[in-house]
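Just below is one structure, and these are the notes that go with it.
The values are calculated or read from the model by the stated rules, or taken from the named source; none is laboratory data. Predicted model, so just to flag it, every value in this text is computed and none were measured. Ideal geometry is used to build each Cβ from the backbone, glycine not excepted, and the neighbour counts take in all protein chains shown. When the accessible area is computed, the model is the full protein with side chains, heavy atoms only, and any ligands, DNA or RNA have been set aside. Shrake-Rupley method; radii C 1.70, N 1.55, O 1.52, S 1.80 Å.
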Amino acid sequence: LLARAPVRWTSGWPPRVLACVALASAAGLSLPSVARSHSPEVARGIENILRTLPPNAVVMASSDVMHFGVPYFQAHGLRADVTLVTTLQLGRRDYRDRLHSATGIDPGDLQGEQASLAIADQVLARGQPLFIHPYQATIARELSVYPVGLVFRVLPRGTAPPSKARAGCRSAVA
């Protein structure tokens, strides 16, 4: 198609303008999603998660909101003792190296779900409280979990979750 187009359409400013318009149109489609993740409610959700975690907790998450939100609040003095493991970053050697040097957590050369499970087992073996943000289905399938606010507490292998009464839960159904 471009081979038959007049020269003035394939060189100079028209293709550049067209490319900019196409890029702006595509970016504009994501604005509602971006606006939702930049809301005060999302910020309060991350803050509430951090405030309710026990000391030295580890949170495993895969969302950009957690990946950028938790360090933001920690940089402003809230819960620097909490470790965030962003599971989508585990495929990157530099991320795994930084995680290991900062925390001692080492997924080794494992990738994907195996890396997440290895980290969960390491954290639990060290006696640290482990929580997962939704979308960590592999850990939730393999280990016992129960909800604590907006996250799920992960228990060591073979440990049953507490009863609703012990966990402080109340049923909405009488």
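Scanning the range 101-123 for residues that are open to solvent by 30 Å² or more (accessible area, probe 1.4 Å) and part of a loop (DSSP other than H, G, I, E, B) turns up 104, 106, 109, 110, 111. Quick one: would you say residue 77 is more than 21 Å from residue 157 (Cα to Cα) and part of a loop (DSSP other than H, G, I, E, B)? Yes, satisfied. Taking the numbered list (1) exposed (fewer than 11 other Cβ atoms within 10 Å of the Cβ); (2) assigned to a helix (DSSP H, G or I) in turn, residue 98 passes all entries but (1). Any residue at all in the range 135-142 that's over 18 Å from residue 47 (Cβ atoms), surrounded by fewer than 12 Cβ atoms within 10 Å (Cβ to Cβ) and β-branched (Val, Ile, Thr)? Taking every residue of the range 135-142 in turn, none turns out to be over 18 Å from residue 47 (Cβ atoms), surrounded by fewer than 12 Cβ atoms within 10 Å (Cβ to Cβ) and β-branched (Val, Ile, Thr). Of all residues in the range 63-84, which are touching a Ser or Thr at 6+ places or on another chain (Cβ under 8 Å) and at pLDDT 95 or above? Listed by number, the list holds a single entry, 83.
Restricting the range 42-65 to residues that are closer than 12 Å to residue 135 by Cβ and free of Cβ contacts under 8 Å to residues at least 60 places away in the same chain leaves a set whose member that is surrounded by the fewest Cβ atoms within 10 Å (Cβ to Cβ) is 64. Report whether or not residue 126 is within 16 Å of residue 100 (Cα to Cα) and either surrounded by 16 or more Cβ atoms within 10 Å (Cβ to Cβ) or in contact with a Gly (Cβ under 9 Å, 6 or more places away or on another chain) (or both). Answer is yes for this residue. Entry remark, the range 139-154: residues being more than 18 Å from residue 106 (Cα to Cα), part of a helix (DSSP H, G or I) and in contact (Cβ under 8 Å) with a residue 24 or more places away in the chain number 1 in total.
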